[in-house]
Amino acid sequence: AEVALRAPPAAPEPIVSFISSAIPISLLGSRSLSQPCVQENRVPYTIDPAVIRRLRELPKNEKLECLLALSDLCGVLGNPHTHSGLGVRKLGNKLFECRGSLALRFVFQDRATDLYVSFLGDHDEVKALLRTGQYR
């Protein structure tokens, strides 16, 4: 009997085109954004539209730092020595934060099917978000 293998779903096209258009090819190195997180041992991620809006408003250099961190995020979870540069920290039950840039942090949830990036903000905004419990 043959077993049909299905590839994991790719990120929605607007996210892929936004990320790949914002990062110069020369800075990507071995990273591939044409099919983010579909390589072996990588977890797919979903980005909240509010996070994408916030990314679009950032200055170019800070946007680049954040997008590079996002592109690395889905491949490093579960490998503690690899994700030390991203500063991944557990905030609660299946709730984490990681460094997007020097000032900004991503808040994401480890869901059964994907990583859900739900918030982008500075330390004080993340603290306030956790206090109110409105992180989806």
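We did not get these values from a lab; they are worked out from the coordinates using the rules stated. All values reported here derive from a predicted model rather than from experimental measurement. Cβ: placed from backbone, ideal geometry, glycine included. Neighbour counts: every protein chain shown.
Amide H to amide H distances under 5 Å link Phe119 with Val107, where only residues 5 or more positions off or on other chains count and H is placed in the peptide plane.
Sorting the segments 94-104, 55-65 by their mean number of nearby beta carbons within 10 angstrom, highest to lowest, gives 94-104, 55-65.
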